[in-house]
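First up is the structure itself, then whatever we jot down about it.
The values are calculated or read from the model by the stated rules, or taken from the named source; none is laboratory data. Everything quoted here is computed from the prediction, not taken from an experiment. As a convention, Cβ positions derive from the backbone with ideal geometry for all residues, glycine included, and neighbour counts pool all protein chains shown.
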């Protein structure tokens, strides 16, 4: 079976590079084809990379609290680009301060993410679920 | 080894021949004659006769040629996403020495098909999808192109997984060539195989359609579009050979009546700390062509880009004088300056064309404030440390003050975010041999490099009155 392709990146004006590398390595080890866009990735770059590579999922990280503003309209942009039903995950320090996680999760689900992960999520915590979602 | 090699540059107006003494590593003689468009062999024969050779010398010598006659190599580039494979395809075509008539992205429509029919490209470069990535788009576009009313050679340089299928979408009347993907993965540019395929098609197909059939009997090999030969010369000059060290990063500028070409040789990585590079990687040998910046045919769009006010300031003319002169130059492109004022006017036009052309070629910096502080973003190549700028082409070579024209390339206090050369030395291709040495580089790189370096050193441009 062909490996699934994931587009990975840290969105917005966020320069946190370490977690991004760890994710890349773990996802590659788990058998995925990883297109890592690195840090400071714009919505446009996520959309375009997913189109060219025919990606199966988009994995967004945000670690500086401004994620909500950065991801607004991303699902809509994907719909415009003709890949509106692509699987999309987000994880990291998504909001500033200590908001109730269930609220944060439902907020980002409304923004078009299929799964939302809190800080300190380890790769092994979400990779099995990702494989399930992709029918692997 | 043959003693003399003839390098021929068949231009749209002149056919130029340079004879190089391979043993002594120097230019033996040069000659030119008007190009004869219907059958270029006559013009070539005339140019060769200008060298006053014996029949024996002529028969034993090797003749290599490049051509920009009959409108040059006209191409259309097609990709998927505008900033990714479409941009990579355009870059590959430009690097192959083509005039890119238009770049298309996403799925071609009926209107696009009609437009391509009208543009009548010599070659179509079809890309789209990274390897293992999107396949639908390139297959769709192949089907659209396959229904063009006249067959066009197609170079396929897209998603590897469907390259064969794409080729099979075309009827037998189309010749198709498969090259490696111009963008095998996101963030990786691979333009060389496509450039090579384009050159092959140019040699096999295009030269016959451009009145070069008969000439090819006089010519041994290596037919390439002239801009590709110039880029090749730049590459040799910059990187050197296994034995001789090159000059390092260079910029080559060619101002013409219709376009301004800029070639850069260099990686263009950041030279300052704290800079993050964005966007598609840039090829080491990069060529851009500005179709709106020229000093004759394109002079109206040049004025539009610069503004009549700036031209008036630089020339001390009134704006209406400037506009009149521009209209005249556009209507009668063969006009030559008759006095010092008109000469200065041409010089100012050239300076502005260089300034804008280089400004668009080089990368730029932008500031980004992040919660963790200021970050500099670099798009394109950082050419600020480039030490050598070389001017070529008729306008610069015939200019009385080529340095004043070329200095348009340099960094100024008003353009600090553009990554232009900060303190370069200037050289002129005074013997008009860049293209010729690009040809020779294929066979005799050592000889070509020596001849080129010696010639350019002769024409180093400096301000004596400083």
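Quick notes
- Filter pass, residue A:32 being at pLDDT 95 or above, more than 12 Å from the chain's Cα centre (by Cα) and crowded, with 20+ Cβ neighbours inside 10 Å: yes
- Verdict on residue B:188 being over 26 Å from residue B:390 (Cβ atoms), away from every other protein chain (no Cβ under 14 Å) and at pLDDT below 95: no
- Within the range A:90-99, restricting attention to residues that are in contact with a helix residue (DSSP H, G or I) (Cβ under 7 Å, 6 or more places away or on another chain) and closer than 19 Å to residue A:23 by Cα, the residue that is surrounded by the most Cβ atoms within 10 Å (Cβ to Cβ) is A:94.
- All conditions in (1) under 28 Å from residue B:231 (Cβ atoms); (2) surrounded by 18 or more Cβ atoms within 10 Å (Cβ to Cβ) hold for residue B:272, with the sole exception of (2).
- Residue B:373 modelled with pLDDT under 95, within 14 Å of another protein chain (Cβ to nearest Cβ) and either more than 30 Å from residue A:10 (Cα to Cα) or out of contact with any helix residue (DSSP H, G or I) (no Cβ under 9 Å at 6 or more places or on another chain) (or both): yes
- Helices (runs of 4 or more DSSP H) contained entirely in the range A:1-98, each with at least 3 residues that are closer than 23 Å to residue B:135 by Cα and at the interface with chain B (Cβ under 9 Å from one of its Cβ atoms): A:43-53
- Out of B:419, B:434, B:406, B:449, one residue alone is at pLDDT 95 or above and closer than 19 Å to residue B:11 by Cβ. It is B:434.
- Scanning the range B:121-138 for residues that are over 23 Å from residue A:35 (Cα atoms) and either assigned to a loop (DSSP other than H, G, I, E, B) or within 14 Å of another protein chain (Cβ to nearest Cβ) (or both) turns up B:121, B:122.
- From B:79, B:71, B:43, B:50, residue being under 16 Å from the mean Cα position of the chain (by Cα) and in contact (Cβ under 8 Å) with a residue 12 or more places away in the chain: B:71
- Residue B:143 being more than 14 Å from chain A (Cβ to nearest Cβ) and over 27 Å from the mean Cα position of the chain (by Cα): yes
- Counting only residues that are buried (at least 19 other Cβ atoms within 10 Å of the Cβ) and part of a loop (DSSP other than H, G, I, E, B), the range B:297-313 holds 1 of them.
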